[in-house]
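Here is the structure we will look at.
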Amino acid sequence: MLQAIVSGLVMGSIYALIAQGYYITSITTGRINFGQGDFLMMGSMAGLFFLTGKLPGLRVATGLQLPYWAAILLALVVVGFLGLVLERVAVRPLRKYLAVGAIMGTIAVAIMLRNIAILLYGRDVLPVPSPFGSRYLHFAGIGITAHEIFVIIVSLLAMSLVYLFLKRTILGKAFMAVAHNQDAAALMGIDVDRMTSLAFILASVLAGLGGMLVAPITFASAYLGAILGLKAFAAAIVGGLEDPLGILVGGMLLGIAEQVFGRWNSAAQDGAAFVLILLILAFRPTGLFGRALKEKV
Amino acid sequence: MKRKALSFVLRVGIPAAVIYLLPFVYPNKFFIDVLQQVGYTWILVAGLNLLVGYSGQISLGQVGFFGLGAYGSALVAKHFHVPVPLAMLTGVALSAAFGFVVGLLALRVRGLYLAMVTIATGSLVEILANRWTSLTGGPMGIADVPRLTVGGAKLGPVEYYWLIAFTGLLVTLGLYNLVRSRFGRTWLAVKNSEIAARALGIDVLKWKVGAFVLNATLGGLAGAFFAHQNSLFTSDTFTYDVSVRSLVAVIIGGTGTMIGPVIGSALVIGLPTFFRQLYDYYLLLFGGILLLTLLLLPDGIGGAVARLWKSFRGKARTAQLDRPEGSQAPLPDFLRRTDGPPVRLEGLSMFFQGVKAVNNLTMTIAPGEVHGLIGPNGSGKSTTINVITGIYTATAGQVSLGDETVTSRAPDQLARLGMTRTFQNIQLFTDLTVLDNVLVGFHRHMSAGYIAHLLRLPSALREEAAFRERAMAILQFVGIDHLAGEEAKNLSYGQQRLVEIARALATEPRVLMLDEPAAGLNNVEVHRMTALIREIARGGITLLIVEHHMEMVMELCDAITVLNFGEKIAEGNALQVKSNPKVIEAYLGGDDVISLLNGEVARHVGD
C-alpha cells in the first residue's frame with residue numbers, strides 16, 4: 001500500500017507539472033492546449049536527440065552527445081519555440097472562436113507534431129537513459145529508483161518556480177493582470193499579445209520538462225503523449241483549472257488513486273482516474289478547489 | 001409551389017440519387033466498405049452536430065455511445081438469438097440510456113469541465129470494451145456476429161451500404177425538420193442564454209439532457225450498423241480517436257449545418273483511405289487540412305456552402321420583404337387580462353457571504369398596477385428582482401403570487417405560473433431572428449411534440465402558423481414588425497430592448513418584471529418605451545419596474561418603493577416619494593444637499 005502511494009506520487013507529480021500548463025493558458029486566454037501531451041512527447045524526443053545525437057527515423061547519427069543538463073535545456077528551448085508557433089498559428093487566429101473551434105486548432109497542431117515525430121524517430125518505442133542510471137533505493141520496505149526521486153524533486157521545484165514567478169515578479173504580475181481582465185491590463189500598458197504568447201511558451205516548456213522526466217520511466221514514442229495529456233487534463237479538472245495548488249493536489253490524488261486501484265487489476269488502474277473525476281465533478285462542478293460560478297444578471 | 005418542388009429535389013432527390021449511384025462508381029469491395037464506414041460515421045456525427053451546434057454542449061466521448069450501440073447489438077443478437085433489427089434497437093436503447101446518464105452528469109459542468117466529463121464517460125466504455133474480455137472478447141474481438149438478412153438471405157455489401165446511407169439521409173431530414181421547429185429554437189435559446197430561456201418557462205435541464213439522449217441514440221445506431229458490418233470486430237476500434245474524429249468532422253463540415261455531417265464524415269473517413277500511399281504523412285495532411293479549414297472557413301465547409309447559397313438567392317428575397325418602418329398597433333387582445341395577481345414579499349432577505357444585499361423587505365405589488373422599485377446603485381433592486389424570479393435563492397422571507405407561495409421556485413416554474421421578466425444586460429438569443437426570439441416566448445403554450453415536428457405533421461405546422469401570427473401581432477405592438485426576419489444581434493440597442501419585451505409578452509404573462517427598460521435608450525426611445533409600458537399596464541398585467549430614469553418612473557408608476565443599502569426607506573405614490581427627505585438624502589447625500597435643493601442654489605442650477 002505504502003509502495004503504491006509512493007509510486008503514485010511519482011506519476012502524480014508529473015501529471016501536476018503538465019497540468020500547470022493548462023492552468024497558465026486557461027487563466028490568460030480561457031483556452032488550453034489539447035495537444036499538451038504531444039508537446040510532452042516532443043520534449044522527450046528532443047531530449048533524446050540531444051542525449052544520443054540520433055534521429056532513427058531519418059537514420060541520422062551526428063555523434064554529438066550532450067550532458068544531461070544541456071540536453072534538458074535545449075529540449076526546453078525547442079518545445080518552448082513550438083509553443084510559440086502553436087500560439088501564433090492555431091490559437092491567436094482562432095481567438096474569436098467558441099471553445100470548440102479553439103480546441104480543434106490545438107488538436108490539429110498536435111496531430112501534425114505526432115507525424116513529425118514519427119518521421120524523425122520512427123514508430124518504435126525508444127529507451128531513454130536517466131542521469132542516475134538504474135540506481136535503486138530501499139527503505140522501510142519501499143523501493144524507489146533514484147530517477148523517481150529526481151522526478152518528484154524537479155517537478156515540485158519547477159512548480160514552485162512558476163508559482164513564485166507569477167506571484168513575485170513584475171512580469172508575473174503583468175501576466176496575472178491579463179488573467180484577471182484583458183482589457184484593463186491592456187489599458188495599463190501591458191502587451192496582452194505578448195503575455196498570451198508567453199503563456200503558451202511557458203505551458204509548453206512545462207510539458208517538455210515533464211517529457212524529459214517521464215521518458216526514462218515510460219520510454220519515448222510518438223504516441224506517448226495522448227494518454228499522459230489526458231491524465232494531466234484530468235488532474236487539472238479534479239483540482240480546478242483556476243487553482244495551481246488545487247492542480248498539484250489533483251495530480252497527486254490521481255497518481256495515488258491509479259496505483260492503489262492498480263493493486264486490484266490493471267483495468268481498475270486505467271479506470272480509476274475517470275471514475276474519480278466523474279464523482280468529483282458530480283458534487284463539485286468546478287473541481288475540488290474551483291470557485292462556484294455565479295452568473296451576473 | 002415551384003420553390004417547394006425545387007427544395008424537395010435539392011434536399012431529397014439529389015442526395016438519394018447520389019447515395020444510390022455511388023456504389024457503381026467503383027464497384028469493388030474495398031470502396032463499398034469505405035462507403036459503409038462513411039455512412040455510419042455520418043449518423044454518429046449528425047447527432048454530435050445537433051449537440052454542439054444547437055444545444056451548445058460538447059462531447060469528446062462519442063466513442064462511448066458508438067461502443068455501447070455496437071456491443072449491445074452484437075451481444076444481444078449473438079447470445080439471445082433475437083432478430084438483428086431487434087438487437088440493433090436494444091443497442092440503441094442501451095446507448096440512449098447511457099446518454100441520459102451522461103447528460104445528467106453534464107448538467108452542472110461547463111466548457112472544459114464538460115469536455116472532461118464526456119472524455120471520462122467515453123474512456124470508461126473504452127476500458128470495458130478492452131478489458132472485460134469474457135464479454136467483449138477485447139482485442140481478440142467478437143466473432144460470428146449475426147448479419148442482417150432479408151427473407152433468409154444475407155444482405156450484400158452494397159445493399160447494406162444502401163440501408164446505412166438511406167438511414168443517414170432519413171436521420172438528416174428528420175433532424176432538419178426538428179431544428180427548424182420549436183425544438184431547434186428552444187435548443188438555440190438554451191445555447192445563447194440559459195437564464196433568459198428559463199425566464200421564458202423552458203426547463204433547461206430537460207432540454208440539455210434531451211439533446212444528449214438524442215445524440216446518444218444516433219451514436220448507438222451508428223455503432224449498431226458498425227457491429228453488423230462484418231462478422232467480427234475487436235475492441236481496437238473503440239478509442240479516443242473516434243471521439244476526436246467525430247468532433248473534427250462536425251467542425252470541418254460546418255457546425256449546425258445540415259449538410260456538414262456528411263461532408264465531415266466523408267473527409268475524416270475518406271482522407272486516410274485515399275491517401276494510404278502517403279501513410280507516413282497522413283497525420284500531417286489531416287492536421288493541416290483541419291487547421292486550414294479552421295483558419296479559412298470559420299463556419300466549416302457546410303457554412304461556406306450555405307453562405308454561397310444565401311447570397312445566390314438572397315437578392316430576390318430581401319427586396320420584397322422589408323418595409324422601412326414598423327407599425328403602431330394596439331396591445332393584442334390575447335394579452336389583455338383581468339387576472340393580474342398581486343405579488344407579495346414578506347421579510348425577504350438575500351445575503352451574499354455577509355453582505356446584506358436585500359434585508360427584510362416587505363412590499364406588495366397590487367394586482368394590475370405598475371409598481372416602481374428605485375434606489376441608488378447597489379441598493380438591492382436587481383437582487384430583489386432576481387430573488388422574486390427565482391434566479392437567486394432567498395436567504396429568508398417569502399414571495400407569494402396571488403394566493404400561492406412561490407419562494408425560491410425555479411424561474412421556469414414561475415414563468416409557467418405566468419411571471420416573467422426582462423434583463424438589465426440584454427439577454428437575447430443572438431443566433432435567432434427577431435421573430436424566432438418572440439416565438440421562443442410562446443414556449444409554454446406550444447404542445448406539438450417531438451414526433452409531430454420530426455415528421456412535420458399538419459398539427460405541428462398549424463400550431464407554428466398560429467403562433468407565428470401571434471408573434472407578429474406582438475411585434476407590431478412594440479413597433480418592430482419590419483425587423484421580424486433580422487438576426488437579433490444586428491439590431492440597435494433600443495430595438496433589442498423592444499425584442500426582449502416582445503419576447504416576455506409572448507409568454508402571455510400575468511406578472512411582468514422589467515429590469516431597467518430605459519437603460520441605454522435615447523430620449524426619443526425613452527418616450528416610446530414609456531408609452532409602450534403604459535399600454536401594457538392598461539392591458540391588466542401586473543408590472544414591476546426597476547429603473548433609474550426618474551421621469552419615466554414618476555410618470556408610469558402607481559406606487560413606488562425606494563431601497564437603500566438593501567432596506568426599504570420609503571413607499572408611496574410619486575409625489576410622496578419625491579418629497580420624502582430620506583429619499584432625497586439617499587440619492588444626493590446629507591442634509592446640506594436638502595437645504596441646497598430647497599434653497600436658492602437649486603433654482604440657479606435649474607436655469
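Take each peptide in A:203-211, B:199-207, B:152-160, count the other Cβ atoms within 10 Å of every residue, and average; sorted highest first, the result is A:203-211, B:199-207, B:152-160. All Cα-Cα separations within segment A:37-122 were binned at 10 Å from zero, giving a P(r) of 18, 42, 27, 11, 2, each value a whole percent of the pairs. Note on segment B:414-457 and segment A:10-42: Cα centroid distance 41 Å, given to the nearest whole angstrom. Count Lys and Arg as plus one, Asp and Glu as minus one, and take only other residues whose Cβ is under 13 Å from that of residue A:82; the net charge is then 0. Tell me the net charge near residue B:238. Cut-off is 15 Å between Cβ atoms, residue B:238 excluded, with +1 for each Lys or Arg and -1 for each Asp or Glu. Net of charged neighbours comes to -2. Evaluated with a Cβ-only charge set (Lys, Arg +1; Asp, Glu -1), segment B:1-130 carries a dipole of roughly 540 debye about its Cα centre, given to the nearest 20.
Here the Gaussian network model covers chain A, with springs between Cα atoms less than 10 Å apart; of A:49, A:34, A:261, A:261 fluctuates the most. Note on chain B: dipole from Cβ charges, positive end direction compared against B:288, B:530, B:83; the farthest Cα belongs to B:83.
The Cα center of segment B:355-390 and the Cα center of segment A:120-178 differ in position by 55 Å.
Spread over its residues, the convex hull of the C-alpha atoms of the protein assembly as shown is 207 Å³ per residue.
Note on B:119-127: average number of Cβ atoms from other chains within 10 Å of each residue's Cβ is 5. Within the shell of other residues whose beta carbon sits under 12 angstrom from the beta carbon of residue B:10, the net charge comes to +4, with Lys and Arg scored +1 and Asp and Glu -1. Take every Cα pair under 8 Å whose residues are at least 6 apart in sequence, average their separation, divide by the length of chain A, and the relative contact order is 35 percent. Segment B:330-348 and segment B:53-122 have Cα centres spaced 45 Å apart. Averaged over peptide B:286-292, the number of partner chain Cβ atoms lying within 10 Å of each residue's Cβ comes to 6.
Per the Debye calculation on chain A with a single equal scatterer at every Cα and no solvent contribution, log₁₀ I(q)/I(0) for q = 0.08, 0.09, 0.10, 0.11 Å⁻¹ amounts to -0.34, -0.43, -0.54, -0.65.
Along each principal axis, taking the top coordinate minus the bottom one, the Cα set of segment B:467-511 gives 29, 21, 14 Å in descending order.
Shown for A:197, B:579: other C-beta atoms within 10 Å of each C-beta, ranked fewest to most, produce the order B:579, A:197. When the square roots of the Cα gyration tensor eigenvalues are ordered a ≥ b ≥ c, the ratio a/c for segment B:338-427 is under 1.5, which makes its shape rounded. Placing unit charges on each Cβ (+1 for Lys and Arg, -1 for Asp and Glu) gives chain A a dipole about its Cα centre, and among A:108, A:121, A:272 the Cα reaching farthest toward its positive end belongs to A:108. The protection proxy used here, the mean number of other Cβ atoms lying within 10 Å of each residue, ranks peptides B:332-338, A:59-65 as follows, highest first: B:332-338, A:59-65. Phi-derived couplings, Karplus 6.51 cos²θ - 1.76 cosθ + 1.60 at θ = phi - 60°, listed residue by residue for segment A:118-126: 4, 5, 7, 10, x, 9, 7, 8, 10 Hz, with x used for Gly and Pro.
Comparing A:109, A:178, A:100 in a Gaussian network model of chain A, where Cα atoms under 10 Å apart are tied by springs, the biggest mean-square fluctuation is seen for A:100. Seen through its C-alpha gyration tensor, with square-root eigenvalues sorted a ≥ b ≥ c, segment B:204-269 comes out oblate because a/c lies at 1.5 or above while a/b is not bigger than b/c. Debye-formula intensities of segment B:129-181, expressed as log10 I(q)/I(0) at q = 0.26, 0.30 Å⁻¹, are -0.90, -1.03 (one equal scatterer per alpha-carbon, no solvent). Would you please classify the overall shape of segment A:105-223 from the alpha carbon gyration tensor, given that a ≥ b ≥ c denote the square roots of the eigenvalues, rounded means a/c under 1.5, and beyond that prolate means a/b larger than b/c while oblate covers the rest? Oblate, since a/c reaches 1.5 and b/c is not below a/b. Highest GNM mean-square fluctuation among A:233, A:219, A:39, for chain A modelled with Cα contacts below 10 Å: A:219. When the listed pairs A:167/A:231; B:381/B:489; B:356/B:381; B:356/B:578; A:231/B:191; A:96/A:231 are checked against a 18 Å cut-off, the alpha-carbon distance exceeds it for A:167/A:231; B:381/B:489; B:356/B:578; A:231/B:191; A:96/A:231. Taking the Cα centre of the protein assembly as shown as origin and assigning +1 to Lys and Arg Cβ atoms and -1 to Asp and Glu Cβ atoms, the resulting dipole is close to 1960 debye. Highest mean packing first, where packing is the average number of other Cβ atoms within 10 Å per residue, the peptides B:164-177, B:418-431, B:271-284 line up as B:418-431, B:164-177, B:271-284.
Multiplying each eigenvalue of the alpha-carbon gyration tensor of chain B by 5 and taking the square root yields semi-axes of 56, 26, 21 Å, largest first, rounded to whole angstroms. Per-residue ellipticity at 222 nm computed for chain B from its helices equals -18000 deg cm²/dmol, with DSSP H segments shorter than 4 residues left out and the rest contributing -39,500 (n - 2.57). Amide H to amide H, with H built 1.01 Å from N, residue B:359 comes under 5 Å of B:350, B:567, counting only residues 5 or more places away or on other chains.
Charging the Cβ of each Asp and Glu at -1 and of each Lys and Arg at +1, and nothing else, the dipole of segment A:34-178 about its Cα centre rounds to 440 debye. Distances between placed amide hydrogens fall under 5 Å for residue A:145 paired with A:137, all partners being 5 or more residues away or on another chain.
Taking beta carbons within 10 Å but only from partner chains, what does the mean come to for residues A:220-229? Partner Cβ neighbours, averaged per residue: 1.
Values quoted throughout were computed directly from the atomic coordinates according to the rules given, and no laboratory measurement underlies them. Every value quoted in this text rests on a predicted model; they were computed, and no experiment measured them. Glycine gets a Cβ as well: all are built from the backbone with ideal geometry, and neighbour counts include every protein chain shown.
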